[in-house]
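See below for the structure under consideration.
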2 protein chains.
Amino acid sequence: MKVAIAQLNYIIGDFEGNANKMFASIEKAKLQGADLVVFSELSVTGYYPHDLLEKKEFIQKAETAVQNIAKKCIGIAAIVGAPRVNQSERGKTLFNSAFFLTDGKIQSVYNKTLLPTYDIFDEYRHFEPNTEFQVAEYKGEKIALTICEDLWDEQPTANEFGKDKLYKVSPMEELSKLSPDFVVNISASPFSYNQEGWRKDILVSKAKNYNTPIFYVNQTGAQTELIFDGGSVFINGKGEICKELKYFEEDFLIVDTQNIGKPELQQPAGYIEKIYNALVVGIRDYFHKMGFKQAVLGLSGGIDSALTAALAVKALGPENVRGVLMPSKYSSQHSVDDARELAENLGIRYDIVEIQPAVDQFEKSLAPLFEGTTPGVAEENIQARSRGILVMAVSNKFGPILLNTTNKSESAVGYGTLYGDMNGGLAVLGDVYKMDVFKMSRFINRNGEIIPENSITKPPSAELRPDQKDTDSLPAYEDLDQILFAFIEQNKPPGEIIAMGFSEEVVTRVIRMVNMNEYKRFQAAPILRISSKAFGFGRKMPLVAKY
Amino acid sequence: MKVAIAQLNYIIGDFEGNANKMFASIEKAKLQGADLVVFSELSVTGYYPHDLLEKKEFIQKAETAVQNIAKKCIGIAAIVGAPRVNQSERGKTLFNSAFFLTDGKIQSVYNKTLLPTYDIFDEYRHFEPNTEFQVAEYKGEKIALTICEDLWDEQPTANEFGKDKLYKVSPMEELSKLSPDFVVNISASPFSYNQEGWRKDILVSKAKNYNTPIFYVNQTGAQTELIFDGGSVFINGKGEICKELKYFEEDFLIVDTQNIGKPELQQPAGYIEKIYNALVVGIRDYFHKMGFKQAVLGLSGGIDSALTAALAVKALGPENVRGVLMPSKYSSQHSVDDARELAENLGIRYDIVEIQPAVDQFEKSLAPLFEGTTPGVAEENIQARSRGILVMAVSNKFGPILLNTTNKSESAVGYGTLYGDMNGGLAVLGDVYKMDVFKMSRFINRNGEIIPENSITKPPSAELRPDQKDTDSLPAYEDLDQILFAFIEQNKPPGEIIAMGFSEEVVTRVIRMVNMNEYKRFQAAPILRISSKAFGFGRKMPLVAKY
């Protein structure tokens, strides 16, 4: 059987746009003689629609879209993902379903069994799990339809409890009893640089264990924080990856199950390059899917804003990115020069706006109240917030969306000013540790200097008081990032982190800073997720707690 | 059997403090001759610990606490709620459990069957559902232990799909086969003024249908956004509420199942009074549980800041609340007078701080960039954000936490400035519609003027430009609030809202405003929840979507 894998980038709730993309793929597949074309999980709505799934008219539009797609399936079959109303009297309102379409109508429907409800996944909120197992029969072949997590009944252990079997049911175990010729897995797997190996391992082991080929069809493109990396694959019954589609972009491939041909695989990329690609897609889709064109950001001469600007230019083009330089009396001349050089290297517009007069006026207005106190955090924050006001004024006046430049190390320990440098519509580096910020800057400069060398090599500083350096109040980033990764991504308890070779004092202090700053992150901009545990809705901590 | 209901206010993760409270209740119950004392759901940890449940050391501390409580149960039994590790090889790591403690040890354990995962509930994220049903036997009686949602297999229909049986299993149906003498339901039910009738209806109908008395034991106090209202009850097998504990405070009562005695019920309160009590508890617990004492807020002379100040004074005392008056050139003298009068009525400190000089300096700094443009939103926001800077400077300098004064109507339509008047550590009125803000202000003034009459009667205005009124850009609040309630709390589609008697143009515009401002609410302060659908983590909408 000739199966077309259609790896597409959907917009959530854009029923017409999504269906039109699918129509085009169905047409293309038909022209190229495919028997079946497969789209990804919830392709009709885009993944993940969250509480839009609670709106009846949203579900009705999805139903109509599925019917319209079915009508195009003449002389070809298609598998699409969409929500479906649970007709039973009991249970949640919806199923997360795979529709098998052919002869112009819905032939059969398969519901998702394992509903991921952890980290950024929230599917049991909306869906009832499936409990019945059947295969689709088409052109004499039996196809086992599964949806993403259905193959993940066993999970690599990433939790403190060492448990790797997250579910009671194994859909593959059940489906294998029906002797399918091959498995189709329609998926919506977001990228995380430190977990993507797992995905292939799971698919390979399932194909091999059940001696059944697997078509894995992922979506691509970003949905606010989540970045889907594509990389759909066909794996034969020996567990060999025979075909692999592109990463971070749309792609289309027909696989003839009778005649696989020679392997077609993608060039492997290093993890920094992958993160770079992910962030570029994340920025681009945030803007384009919302109908925004232009971005603005504050350029401090530091590495975070430089890297964010470089990513934005790659995503949106230099004509759509503008920088605002807002030196204060504590900014070195070097910082201004570095920022200017960056803007010139990138070919973006930049403006220099004075903050000192407004800062001085604030301090004057507050003088009667603040009399007798020592200048400190309050005054530093006035500077950071004055910059926030100015760059938001540019955003409000001319329309560009403010990009936030906070990195994950800073976000973790609360090293940033709420309503100041924490402002922004999208946090580009919020899931990238500082050490990776350095590495990615070097990656960007691999063919010539774009980010000024000085921005990379000078000691990081917020420049909110004379000669301030990040290391005045934080451990060296080499150590800090390792402690944070162990605590956040790996969820290790303090004792195990100390055992990695850090002092108890430093580990305790870092963890305390992470815990104490939940309230700041609560109000932070959405963060492009590139790891297995980003700050945001995938990591929910109580704000009011003693712990 | 003499059963003590211990309705307590827990702090999340405060194992020692929570256990000490329970020790005291066990002692008291013993002294008063009780056989059994019942605490609420996850009482050992406080409800809801969110992803702290993913930390092994957190679970270990909970286990230790349960064992320590068991040791106190000599000559008495206790039922406590705590997480428990799932020892089976498959399934989620934890159960949400009720521990039956007596003779100094854990006698038996019962796991929660129905795991609410909708709105603000997220239990399937962490817990495996129970599938086995047993009763506890104690002093010759059979006790059916259930946990909160276990009695809620049938739910009043509040969704667009008209479905009222949310779960496939009915724990009461299963447990009734074991002929229990009575049911204990340990609970953590947050308050919502428009749903609390449901709770009693469900309990009454379960008691009556199964002809079995029910002890319903709730927690009280606030956990960040969520406010638990107590109101624990004993219902006899005829479905009559015989005993009712206090609302919004700790309480303790012993019920002798052999000799119920005369009914003891609470005075019913109107819904505005309930919301008022809820918000006072919400503020108080946010501060006290975090170890904060003082609050600060901007006083504009308007009704929202006046009401917030009055609530804060009730919660924290006048000595712990301070106001900052920050008039601009568009503020009327009346506004300043109203704000001053309010502060004097409340007996709180207030300071007047000038914003105009800083605003002027911002505009001067931006003049070269803004040349040729017409003053508009950008300039209005500079004012709102300058106020935000000043009041945050007071917060940073002296330590009081900034209270946000945005009401739900404003938050819904995005009528507020991000990083300006949307600033704050806690949004007190974020779930209170404007019409209820008026009603609550009248309620506060019921025994004499506290909130100046003028703040209540003058047309609401943001005072960001000359003669600005809210109704310049919004429908009248009478209409707006009804449309919003239908759209947000009732999840009605546009057609049904129009059928309520509003024009299509207005309904479409309001819904568009709600949808377009998800990005603002994403960065808003945590909101004290008093309705069935508050903005915040109980209502998740995709930011990037076409809908």
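Can you give the extra length, in nm with one decimal, that the chain gains between B:N447 and B:Q333 once fully stretched, where that is 0.36 nm per residue apart less the Cα-Cα distance?
Length gained between B:N447 and B:Q333: 38.3 nm.
On a C-alpha basis, how far is the centre of region A:457-503 from the centre of region B:392-436 in Å? Whole number, if you could?
33 Å
Can you list, shortest first and in nm, the gaps between the label point of B:K329 and those of its counterparts in the other copies, using a point 7 Å from Cα in the C-beta direction?
Distances to the matching label points in the other copies: 2.7 nm.
Straight-line reach from A:K105: which lysines have a Cα under 18 Å away, not including same-chain ones fewer than 8 places off?
Of all the lysines, those that pass the test against A:K105 - Cα under 18 Å, at least 8 places apart if same chain - are A:K30, A:K61, A:K71, A:K72, A:K139.
Any idea what the alpha-carbon Rg over 2.2 N^0.38 Å comes to for region A:464-546?
1.18
Semi-axes of the equivalent ellipsoid of region A:248-352: what are they in whole Å, largest first, if each equals the square root of 5 times a C-alpha gyration tensor eigenvalue?
In descending order, the three semi-axes are 39, 15, 9 Å.
Just report the Cα centroid separation between region B:186-241 and region A:64-84, whole Å.
Distance between centres, Cα-based: 46 Å.
Per residue, how big is the convex hull around the C-alpha atoms of region A:1-146? Give it to me in cubic angstrom, could you? The partial results should precede the final answer.
Details: hull volume 15.6 nm³, N = 146.
Considering the Cα atoms of region A:1-146, their hull volume per residue is 107 Å³.
How far apart, in nm, are two points set 7 Å out from the Cα along the Cα-to-Cβ line at B:D164 and at A:E132?
2.6 nm
So which aspartates and glutamates pass the test for B:K238, namely a Cα distance under 15 Å, with those fewer than 8 places away in the same chain ruled out?
Partners found: B:D181, B:D201.
Mind pulling the angle between the C-alpha long axis of helix B:377-398 and the longest principal axis of chain B? Nearest 10 degrees, somewhere in 0 to 90.
The helix B:377-398 is inclined about 60 degrees to chain B.
Over all alpha-carbon pairs in region B:168-210, figure out the percentage whose distance exceeds 11 Å.
Result: 74 percent of Cα pairs exceed 11 Å.
Modelled label-to-label distance, B:E344 and A:K142, 7 Å Cα→beta-carbon offset: nm?
It works out to 8.7 nm between the two label points.
Just to check I understand the Karplus step: with θ = phi - 60° and J = 6.51 cos²θ - 1.76 cosθ + 1.60, what whole-Hz values come out for region B:499-508, glycine and proline as x?
5, 6, x, 10, 6, 4, 4, 5, 4, 4
If each residue of separation counts as 0.36 nm, what is the full-extension length gain between A:N194 and A:K246 once their alpha-carbon separation is subtracted?
16.8 nm
For region A:410-487, which trypsin sites (Lys or Arg not before Pro) are in a loop by DSSP, counting at most 14 other Cβ atoms within 10 Å?
Those satisfying the criteria are A:R446, A:K469.
Mean projection of the alpha-carbon convex hull of region B:34-95 over all orientations, in nm²?
Mean shadow area of the hull around the Cα atoms is 4.7 nm².
Just to compare against my own numbers: the Cα pair-distance distribution for region A:161-240, 5 Å bins, whole % per bin, please.
Spelled out bin by bin, region A:161-240 gives 3, 14, 21, 23, 19, 13, 6, 1 percent.
Can you tell me the FRET efficiency between B:M500 and A:A269 if r is taken as the Cβ-Cβ distance and R0 is 41 Å, rounded to the nearest 0.05?
FRET efficiency, B:M500 to A:A269: 0.15.
Using only alpha carbon pairs under 8 Å that are at least six residues apart, calculate the relative contact order of region B:470-547 and give it in whole percent.
25 percent
With θ taken as phi - 60° and the coefficients 6.51, -1.76 and 1.60, list the Karplus ³J(HN,Hα) couplings across region A:428-439 in order, rounded to whole Hz; mark glycine and proline as x.
Each residue's phi maps through the Karplus curve to give 6, 9, x, 10, 10, 5, 4, 5, 6, 4, 4, 4 Hz.
Per the Kirkwood definition applied to all pairs of different Cα atoms, how many angstroms is the hydrodynamic radius of chain A?
After inverting the mean inverse Cα-Cα distance, the result is 25.2 Å.
Please tell me which of these pairs span more than 30 angstrom C-alpha to C-alpha: B:K21/B:K243; A:K289/B:K163; B:K168/B:K434; A:K314/B:K92; B:K55/B:K200; B:K2/B:K92? Could you put the intermediate results ahead of the total?
Details: B:K21/B:K243 22 Å; A:K289/B:K163 34 Å; B:K168/B:K434 40 Å; A:K314/B:K92 42 Å; B:K55/B:K200 35 Å; B:K2/B:K92 36 Å.
Pairs exceeding 30 Å: A:K289/B:K163; B:K168/B:K434; A:K314/B:K92; B:K55/B:K200; B:K2/B:K92.
Find every distance from the label point of A:K546 to the corresponding label point in the other copies (7 Å from Cα along Cα→Cβ) and write them in nm, one decimal, shortest first.
5.3
Filter the trypsin sites (Lys or Arg not before Pro) in region B:155-246 down to the DSSP loop ones having no more than 12 other Cβ atoms within 10 Å, then list what survives.
Details: sites: B:K163, B:K165, B:K168, B:K177, B:R199, B:K200, B:K206, B:K208, B:K238, B:K243, B:K246; in loops: B:K163, B:K168, B:K177, B:K238, B:K246.
Answer by residue number: B:K177, B:K238.
Run through region A:357-457 and list the GluC sites (Glu not before Pro) located in a DSSP loop whose Cβ has at most 14 other Cβ atoms within 10 Å.
A:E371, A:E449
With the contact rule set at Cα under 8 Å and sequence spacing of 6 or more, what percent relative contact order holds for chain B?
On the way: 1103 pairs, mean separation 64.0, N = 547.
Contact order relative to length: 12 percent.
Average projected area of the Cα convex hull of the protein assembly as shown, in nm²?
Details: hull surface 171.4 nm².
Projected over every direction and averaged, the Cα hull of the protein assembly as shown covers 42.8 nm².
Please list, in chain and number order, the residues 5+ apart from B:V544 or on another chain whose amide H is under 5 Å from its amide H, with Hs placed from the backbone.
Residues meeting the amide H criterion: A:T224.
For region B:490-537, what does the convex hull of the Cα positions come to per residue, in cubic angstrom?
88 Å³
May I ask for the net charge around A:E240, where only other residues with Cβ less than 14 Å from the Cβ of A:E240 are counted and Lys, Arg are +1 while Asp, Glu are -1?
+3
Using only the Cα atoms of region B:278-426, what semi-axes does the equivalent ellipsoid have when each is the square root of 5 times a gyration tensor eigenvalue? Give whole Å, largest first.
Equivalent-ellipsoid dimensions as semi-axes: 28, 16, 14 Å.
Only helical DSSP H runs with n ≥ 4 go in: add -39500 (n - 2.57) per run for the protein assembly as shown, normalise by residue count and round the 222 nm mean residue ellipticity to 500 deg cm²/dmol. Numbers along the way, then the final one.
Details: 32 runs with 392 residues, N = 1094.
Estimated from H runs of four or more residues: -11000 deg cm²/dmol.
Please tell me the relative contact order of region A:6-90 in percent, rounded to the nearest whole number, where contacts are Cα pairs under 8 Å and at least six residues apart.
37 percent
Along Cα-to-Cβ, 7 Å out, sits the label point; list in nm, shortest first, how far the one on B:P263 is from those in the other copies.
Ordered by distance, the counterparts are at 7.7 nm.
Taking amide H atoms as placed 1.01 Å from N in the peptide plane, list the residues 5 or more away in sequence, or in a different chain, whose amide H sits under 5 Å from that of B:E264.
Here the answer is B:K243, B:E244, since their amide H atoms fall under 5 Å of that of B:E264.
So, R0 is 41 Å and r is the distance between the beta-carbons of A:N259 and A:E478; what FRET efficiency does that work out to, to 0.05?
E between A:N259 and A:E478, to the nearest 0.05, is 0.20.
No value in this document is a laboratory result; all are computed from the given coordinates. On a predicted model such as this, the values are computed, not experimentally measured, just so you know. Using ideal geometry, Cβ is built from the backbone for each residue, glycine included, and neighbour counts are taken over all protein chains shown.
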